[in-house]
């Protein structure tokens, strides 16, 4: 997926298909955390990536776990994912 085509909707649809998830709810939560519309192109900077990861944690594990991993661990994981 090219950077100009990347949206929250396209990203979540790719990794959280509707046959296994409440994809629309997932998209809405991520959009709220990122402050964007579902079809708005996003640039996956480290800061945006971090907020997206936090939104995904909230969906997958519940709100009580959004701060389970320290920021440094998430940032290190983002760095590894971008290699």
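The values are calculated or read from the model by the stated rules, or taken from the named source; none is laboratory data. Small disclaimer: the values here were computed from a predicted structure and weren't measured. Every residue, glycine as well, gets a Cβ built from its backbone with ideal geometry; the counts of neighbours run over all protein chains shown.
In region 7-28, what residues are surrounded by fewer than 16 Cβ atoms within 10 Å (Cβ to Cβ) and in contact with a strand residue (DSSP E or B) (Cβ under 8 Å, 6 or more places away or on another chain)?
Matches in region 7-28: none.
Does region 54-72 contain at least one residue that is surrounded by 15 or more Cβ atoms within 10 Å (Cβ to Cβ) and in contact with a strand residue (DSSP E or B) (Cβ under 9 Å, 6 or more places away or on another chain)?
no
For residue 3, all conditions in the list (1) loosely packed, with under 11 Cβ neighbours inside 10 Å; (2) at pLDDT 90 or above hold save one; what is the number of the exception?
Failed condition: (2).
Can you name every residue in region 73-83 that is farther than 25 Å from residue 21 by Cβ and surrounded by 10 or more Cβ atoms within 10 Å (Cβ to Cβ)?
75, 76, 79
Name the pairs: first residue in region 35-50 and in contact (Cβ under 8 Å) with a residue 12 or more places away in the chain and at negative phi, second residue exposed (fewer than 12 other Cβ atoms within 10 Å of the Cβ) and in a loop (DSSP other than H, G, I, E, B), Cβ to Cβ under 7 Å, at least 6 apart or on different chains?
No pair meets every condition.
Hey, can you tell me all the residues within region 29-45 that are under 18 Å from residue 66 (Cα atoms) and crowded, with 16+ Cβ neighbours inside 10 Å?
29, 30, 31, 33, 34
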